[in-house]
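K.L.:
Got a structure here, written out as structure tokens. Questions coming.
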Amino acid sequence: MSRWVVFRCQSGKGVGLGHVMRCREMARHLRDQGIGSAMIGPAEGLRLAEDGDLFQHWQAVEDRQGSARDAARVVALCDRLGTRHVVIDDYRADPAFQEVLKAGGLRWLQQFDASCDWRFCCDVLVNAGPLERRAAYLSRLEKPERVLTLFGPAHAVLRRGFRQVVRRCDGRAVRRVLVAFGGGDDRGAIALVLKALAGRLEREVTLVIVSGAGNPGLAALERAVAEMGSGQVELHVGPKDMPGLMAGCDLAVIGGGTMSYEAAICGLPMVTLALAANQERPCLGWQALTGAPYLGRVADVGPEALFQAVSSLIRADRQRDSMAVKGRQAVDGRGVERLISALLERAVA
């Protein structure tokens, strides 16, 4: 292939799999345009069979060796491939990292963590959070006139299946409640939800639990589910058809990561908890945009508060319908196209 894009991606048990998922979808879109992709970062254990087709180069990095060395690694691969286009989906890409990329003459798109008060000198700055606005970041842009900011849910990168998801019917009763907190460490969130909700909702309501195989709490979760009565809980580990599973649910209890955008495009009303500081602003954003209740950081939320929020929303038919409509209006599934077009300086079709 005559053209390449290099990805620097952060992933793993501690940070979840949302970063690598976004990179996969961008690489898939690039492949369809005849452009090759190279991946730096994720461990070999996170490499899927499909990655052989999406990434013609995969360089696992166990030790960053500091920001400057990590960025130099990216510049070196770009030089080797003869490209200057880079996607940085790594929240550790601090100003020292960025300075090395700038000195290397690269053009890069950077996903960033709104909880970090950093300056940016990238070409394209991305955050899909509903609260983010360009005006709030002008003082943090080294040269505002040359930095394109892509903020808001329209720029969320979703798995391709969510764009074709069968639209759920608004107004239906709550019978299936999705409980999911990404593919990595759920930090006790699922256990909290089970304590708050299992056996306490109407008999017709099933908790649909989704966990990644890499979740360190999976074994304990499997034991807990096995001890519960039939019909109360379903456990899905790394389901293949997540769009279909989500579209078949009526309410979600989730974090403020990628899954919140997936719920929105499905028209799935949600109650949110933040697993980490970088999820707080997105959760607050969904609350402001759609009315989705945000309860706080997982460690600070008690079972009774969670039960009250979920049980109240189950009874609030009109509120759920409004949340569903507003979520679908915010996320259309074309974020990957917008990001790739911006990186390559093309108009969106």
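No lab work stands behind these numbers, since they all come straight from the coordinates. Remember, predicted model here, so these are calculated numbers, not experimental data. Cβ placement follows ideal geometry from the backbone for every residue including glycine, while neighbour counts extend to all protein chains displayed.
K.L.:
Lys and Arg at +1, Asp and Glu at -1: add these up for the other residues within a Cβ distance under 9 Å of VAL61 and post the number.
P.N.:
Residues close to VAL61 contribute a combined charge of 0.
K.L.:
Right, next: Name the aspartates and glutamates eligible as straight-distance cross-link partners of LYS102: C-alpha to C-alpha under 19 Å, and not fewer than 8 places from it in the same chain.
P.N.:
The qualifying aspartates and glutamates are ASP70, ASP79, ASP89, ASP90, ASP94, ASP123, GLU142, GLU145, GLU345.
K.L.:
Let me know the Kirkwood hydrodynamic radius for segment 238-349, please, with Cα pairs as the basis and the value in Å to one decimal.
P.N.:
After inverting the mean inverse Cα-Cα distance, the result is 14.9 Å.
K.L.:
Cα to Cα, under 14 Å, and not fewer than 8 places away if on the same chain: which aspartates and glutamates meet these conditions relative to LYS240?
P.N.:
Result set, ordered by chain and number: GLU50.
K.L.:
Also: Work the Kirkwood hydrodynamic radius out for segment 150-223: mean of 1/r over every pair of different alpha-carbon atoms, inverted, in Å.
P.N.:
Kirkwood hydrodynamic radius for segment 150-223: 14.9 Å.
K.L.:
Only helical DSSP H runs with n ≥ 4 go in: add -39500 (n - 2.57) per run for the chain, normalise by residue count and round the 222 nm mean residue ellipticity to 500 deg cm²/dmol.
P.N.:
-10500 deg cm²/dmol
K.L.:
What are the extents of the Cα atoms of segment 1-147 along their three principal axes, listed from largest to smallest and rounded to whole Å?
P.N.:
42, 32, 32
K.L.:
Between ARG163 and CYS116, with labels modelled 7 Å along Cα→Cβ, what's the label distance in nm to one decimal, could you check?
P.N.:
2.9
K.L.:
Just one of (1) 21.3; (2) 20.8; (3) 23.1 is Kirkwood radius over Cα pairs in Å calculated from these coordinates, so which is it?
P.N.:
After the calculation, the listed value that fits is (2).
K.L.:
Same structure, new question: What is the magnitude of the charge dipole of the chain about its Cα centre, with +1 placed on the Cβ of each Lys and Arg, -1 on the Cβ of each Asp and Glu, and no other charges, expressed in debye to the nearest 20?
P.N.:
680
K.L.:
Could you state the per residue volume, in Å³, of the convex hull enclosing the Cα atoms of segment 82-217?
P.N.:
For segment 82-217, the hull spanned by Cα atoms encloses 188 Å³ per residue.
K.L.:
Taking 0.36 nm per residue of sequence separation and subtracting the Cα-Cα distance, how much length would be gained by fully extending the chain between PHE307 and ARG47, in nm to one decimal? Don't skip to the end; give the middle numbers.
P.N.:
Details: separation 260, 0.36 × 260 = 93.60 nm, distance 3.78 nm.
Gain on extension, PHE307 to ARG47, equals 89.8 nm.
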